[in-house]
Structures are given as structure tokens and as C-alpha cells.
Amino acid sequence: MNILLTGGCGYVGSVLTPKLLDLGARVTVVDIMWFGNYLPRHQALRVIRQDIRHTDNIPMGGVDAVIHLANISNDPCGELNAKLSWEVNVLATMQLAERAIRHKVKQFIYASSGSVYGIKEEQEVTEDLPLLPISDYNKTKMISERVLLSYKDSILVQCVRPATVCGYSPRMRLDLSVNMLTMQALSKKKITVFGGEQTRPNIHIQDITDVFIHLLKQGEKSPGIYNAGFENMSIKHIAKKVTEFVSAQMVIAESNDPRSYRLNSDKLLNTGFQPKHGVVNGIKDVIKAFQSAKLKDEDGCYNIKTMKKMRI
Ligand SMILES: NC(=O)c1ccc[n+]([C@@H]2O[C@H](COP(=O)([O-])OP(=O)(O)OC[C@H]3O[C@@H](n4cnc5c(N)ncnc54)[C@H](O)[C@@H]3O)[C@@H](O)[C@H]2O)c1
């Protein structure tokens, strides 16, 4: 199987790529490499440094499935340069899908985001509820989904709405709640919780990468949109969990991020997917990587710091 993986050098992609190679797939990664490239060399892996906005340069011949991760991938980065976010997250996604259809690619899997729900009081947030995206980032995800689903008669479209991901990746992100709070405890002995009452779902990086593989294998049996998040926890609860493993002082600060929602992922579970990891594994991963000096609290682990430094 030939897979085109955009954003394969990112946090999720750096764990997903080796898994796809282990399955025997031939993988072409297209990534602009803003955060570097930590992918190991492999005879079945081709890595191309390329901006996905130049869609004509993306090799699509012979591709069976596209897994599309390359996006400006959080709220602050989305706000840093809104035009860039709309170009990369929406326009390029549309052009990529059209190019895939022209090349008779059968399957297109998109990393949307659970944050498209915005603020939701419901205990069970299922895929059919109306979306209330707040930030540009959330809005680009919602619109890309709609654009992609408009092609569903020409290509199999599967949109994943991941919860906040946690756990270790060779391209590490410390701007994600579990990872960030654990690193604060480790490096500063103090955890600053903004707000704290907002509830957000979580998913371990090994599970979200397995979700992409599961949907790839499911193919036509599982079209459409899937929530992917299994532990709905308040930020304060996550911080408390962290302090069970690393002693640290907890400080509550005012938050300007009201997003609060739970995810119900029964639709995904009903396709036969079972998560195997969780928040506690994510916390332990970060601790282990820090203690073995594999991980440091560096600017490169924070997307916004890197993008500002690069004047993107
Ligand atoms: N990590 C999470 O918690 C999470 C949660 C929900 C959704 N997602 C989505 O999953 C996807 C992967 O997330 P991630 O955490 O790996 O993010 P990431 O920022 O680590 O990875 C994104 C990758 O895309 C690349 N990229 C960005 N713009 C590009 C462009 N114009 N052309 C080519 N490459 C480009 C970057 O260089 C980076 O390697 C993103 O679409 C993100 O929005 C992530």
C-alpha cells in the first residue's frame, strides 16, 4: 500500500510513520519541517520537504491513501497568522483532496480536531451535535471537514476529531495540556493552571496513531466523522494527577481560553477500536523521557515559540 502522509515530521506523524512502515506500507511524507525531522531512515520511506500549499509539487501518482496531518496545529499559532492558517488548513486541504481525486486515490483521512465543538455543556458530545468553533484554528478545522465531505462521492473521506494528545514523540510537543503540566512539575516544581475548571478530552499518542491505522484498514466500512478521545478531565484534575507522580506546587491563574467540552467516542468504539493507553501513561512517558535526558524543556517543543522565532 502506498501512503502519502502530510505533516509526517510533526508530533503525531513522528509516531505514526514508523507504525505505517511496520505494516509494510510505502510511505511518502510531505512536510515543511518547521519543527525539524526526527524520522528514522527506512527503505520504504521517502521524506520530502515541501509546503503543502504548492499542491502541484506533491507526488500523488500510485498513492492508495492520503493521511493529512499538516496544519497550523493550535489556537495561538492559528492567531499568529490567520491568513496562513486559512491557506494551509483549508485551501491547501481542498486542493490536496482535488489532486488526490484526479489521481484516483481511494481514501483520504483527515486530522480535524475535537476543539470544533468549542463550548458544550452536554455530557455526551457526539459527532451529530452542532459545532461552535471559537478560534480561527477551530474554524479552519470545521470548514475543512465540510469541504472534504463534499467530495465523499468521489473519494472515501474519514475525518478524525482527536482530543488533546499526550505522551512522548521524538518530535515532542510540550504545548499540550498533559505534556505541559508534567514538564512544568518536572522542570519548575510548580504547575500553573489557567482556569482549571474547563473539561477537555484526552488521548494518548499511541492510541491516536492507532486510530489512523484502524480507519485506514476499515476503509469503506467506516466513512465520515469520528471523535477520538477517551478521558474527559478538567485541567485541574490533570494537574492533580501529575502531582501524584511529581511533587509540585499548583497555582491557579486566570484563563482566556473558555473551550470546554467532553467527547463521546462510541461511534469509533463501535467500529471495533479499543484504546490501550491513557493520561497516566502520558504523564509517565514524559517523566521517563525527562529523567533519561531524552527530553528537555526547549522552545522547539512549543509550536508558538518556534513559529514566532522563525517569523512565520
Ligand atoms: N496534537 C494534538 O493534541 C492534536 C489534537 C487535535 C488535532 N490535531 C491535529 O493533528 C495534526 C497533527 O498534529 P501534531 O500535534 O502532530 O502537530 P505538529 O505541529 O507537531 O505537526 C504538524 C506538521 O505539519 C507540518 N506543516 C505545517 N504546515 C505545513 C505546510 N504548509 N506544508 C507542509 N507541512 C506543514 C509541520 O512542519 C509539522 O511537522 C494537526 O492537523 C493537528 O491540528 C492534533
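Scanning the stretch 88-99 for residues that are more than 8 Å from the ligand (Cβ to nearest atom) and either within 17 Å of Thr28 (Cβ to Cβ) or out of contact with any strand residue (DSSP E or B) (no Cβ under 8 Å at 6 or more places or on another chain) (or both) returns Val90, Leu91, Met94, Gln95, Leu96, Ala97, Glu98, Arg99. Out of the residues in the stretch 153-174 that are under 30 Å from Lys104 (Cα atoms) and among the β-branched types (Val, Ile, Thr), state the one that is surrounded by the fewest Cβ atoms within 10 Å (Cβ to Cβ). Residue satisfying both the conditions and the ranking: Ile155. Looking across the stretch 57-75, the residues that are in contact (Cβ under 8 Å) with a residue 12 or more places away in the chain and within 12 Å of the ligand (Cβ to nearest atom) come down to Ile58, Ile67, His68, Leu69, Ala70, Asn71, Ile72, Ser73, Asn74, Asp75.
For (1) of a type in the set (D, E, K, R); (2) modelled with pLDDT under 95, each residue gets a yes or a no:
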{"position": "Ser234", "(1), (2)": "no, yes"}
{"position": "Phe245", "(1), (2)": "no, no"}
{"position": "Ser265", "(1), (2)": "no, no"}
{"position": "Lys276", "(1), (2)": "yes, no"}
{"position": "Lys288", "(1), (2)": "yes, no"}
{"position": "Gln291", "(1), (2)": "no, no"}
{"position": "Lys296", "(1), (2)": "yes, no"}
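Of the residues making up the stretch 41-56, one or more are out of contact with any strand residue (DSSP E or B) (no Cβ under 6 Å at 6 or more places or on another chain) and closer than 20 Å to Met172 by Cα. Phe194 meets the conditions (1) within 16 Å of the ligand (Cβ to nearest atom); (2) more than 22 Å from Lys294 (Cβ to Cβ); (3) of a type in the set (A, V, I, L, M, F, W, C); (4) in contact (Cβ under 8 Å) with a residue 60 or more places away in the chain in every case but one. The failed one is (1). In the set Gly78, Gly10, only one residue is crowded, with 23+ Cβ neighbours inside 10 Å and within 7 Å of the ligand (Cβ to nearest atom); that residue is Gly10.
The values are calculated or read from the model by the stated rules, or taken from the named source; none is laboratory data. Since this is a predicted model, take the numbers as computed values, not measurements. Using ideal geometry, Cβ is built from the backbone for each residue, glycine included, and neighbour counts are taken over all protein chains shown.
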